[in-house]
Every structure is written in structure tokens, then in C-alpha cells.
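Laboratory data are not the source of any read-out in this text; all were calculated from the coordinates shown. Please read all numbers here as calculations on a predicted model, not as lab measurements. Here Cβ is always computed from backbone atoms with ideal geometry, including for glycine, and neighbour counts include all displayed protein chains.
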Amino acid sequence: MVLDSQDKAFELVIFDWDGTLMDSVGHIVSCMQDVARELSLPIPSEQQVRDIIGLSLPQIMPILFAEHQNHQQIISCYRRHHIANEQPTPLFEGVESLIRNLHAAGYQLAVATGKGREGLDKVLELTGLGQYFHATRCADDAESKPHPEMLYSLLTHFDITADRAIMIGDSVHDLTMANNAGMAGIGVSYGAHSESRLRTLKPRAIVDQPLEIRQYL
């Protein structure tokens, strides 16, 4: 049954991808560390990589590899490592059911991610979730998180005001972006950043599993 808009607290539900819908944090950490080994750079710790998940690659490189001047070389190396496996890392349990349920209930669904367009389109196709999202924005389309340009662009696309949209993510970069756009946010505790860090951004809720998101919409 499709809900009427007045029955919903929000019309537009915007998801981050890595660490929110897909269990890819470990893969990202591994790839960043493999890049450092290949280029003989200091290997970042797992926590250092987790801290930057959600940002775009051009933002990440000066943070993790400040001593290396050729950041484009590192980006190219990272992309090569990241796409080496043709199969994507798995979706979190309950994600597919959540997205199908929200789509069937009449919500407008979107993605706002620090991934590049090629990487995002690939996982949307391989997971089968692409059919459920009405629009996507990524690092190739707008300023990187926590700048709110991705969210502003989605609001314009759907002709929806910020109070009728909500951003869902696993990092402080996601929730800061939502705050910067004047939009509500939901944090997920199972991704890159801890619940205590997410709570400092005062989200509408913090959930421990994807299916819990539905009750706050």
C-alpha cells in the first residue's frame, strides 16, 4: 500500500552507501593499506582509514598520505585495488528488505555518497538496488561531504524542502552534511564511526540495524 505524503514525516529518504547500505568498510581499509604497501608509504591504521570514510578520494589523499605529492597516482592505485574484485562486498542484512519496503510505501529514495560515479553505478547494478533509487549524487557530481551541495541538488531535483527530507549515514561526515543542509539525519552504529561520535551531531536517531530505520520515517 502506498502511503499518502501527509502520513509520512519525510517524503525523501537519502542514504549514504559505504558502511550504511553495504558492508564495505573492511574492504576500503584493506585497499588503502594495500595502496600504501605498493607505493612504499606509511601504512594507515584501521582507525585512520575509518575516520575518512565518506569523504571523496581527492579529500582523503592529503589526509592519509600528506607526504606523497602525487595524489592522483594514489587515487589511480586505490581504484585499481578497489575494483580488482568484480563482486561487490555484501549488503548489510536487512538492507534489501528495507529499500524494497520504502519504495513500495511511496517514499522517494536517493543516494548521496563519496564514491565516484563509476563505482556507484557498478554497485547499484550488481546489487540490483539501482531500480529502487530515483536519483543519486556522488563525488563526481558535487562538492564532497560535509559540504551540503549533494543534498541541495537532490532537494532541487525532487522539488522538496529540507524539512521533508532525511539523510541516513554511518559517519560524522554524513550527519554534518545533513546539519549543514538544515536536514534531519539518522546515524547507523554498524558502519565506520562509533555511536558516541555520531551522537555529537544530534541525529534524529541512531540505529543498530537497517530495518530499525523504518520506524523513524
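Between Gln215 and Glu93, the FRET efficiency estimated from the beta carbon spacing at R0 = 22 angstrom works out to 0.80. The magnitude of the dipole of the chain, with charges of +1 and -1 set on the Cβ of Lys/Arg and Asp/Glu and taken from the Cα centre, is near 220 debye. Counted residue by residue at 0.36 nm each, then reduced by the alpha carbon distance between them, the extension gain from Asp140 to Asp159 reaches 4.7 nm. In this structure, Ala66 and Arg117 have a Cβ-Cβ separation that, at R0 = 25 Å, corresponds to a calculated FRET efficiency of about 0.40. Rounded to the nearest 20 debye, the dipole size of segment 64-115 about its Cα centre is 140 debye, using +1 on the Cβ of Lys and Arg and -1 on the Cβ of Asp and Glu. Relative contact order of segment 55-194: 18 percent, from C-alpha pairs under 8 Å at least 6 residues apart in sequence. Residues of segment 89-106 with an amide N closer than 12 Å to a point placed 7 Å from the Cα of Lys8 along the Cα-to-Cβ direction: 101-106. Annotation for segment 81-163: GluC sites (Glu not before Pro) lying in DSSP loop with at most 11 further Cβ atoms inside 10 Å of their Cβ are Glu86. Between the labelled values (i) 42, 38, 34; (ii) 63, 41, 28; (iii) 56, 33, 30, the entry that holds Cα extents along the principal axes in Å as derived from this structure is (iii). Label sites at Glu125 and Arg79, each approximated as a point 7 angstrom past Cα along Cα to Cβ, lie 1.6 nm apart.
Each Lys and Arg adds +1 at its Cβ and each Asp and Glu adds -1 at its Cβ; summed about the Cα centre, segment 25-82 shows a dipole of about 160 debye.
Relative contact order of segment 25-82, taken over Cα pairs closer than 8 Å and 6 or more residues apart, is 41 percent. Just to check, using Stokes-Einstein with a Kirkwood Rh over alpha carbon pairs, what's the diffusion coefficient of segment 97-217 at 25 °C and 0.890 mPa s in µm²/s? The diffusion coefficient I find is 168 µm²/s. Each part reduced to its alpha carbon centroid, segment 135-189 and segment 45-82 end up 22 Å apart. Computed extension gain for Arg199 through Arg100, at 0.36 nm per residue and net of the alpha carbon distance, reaches 32.9 nm.
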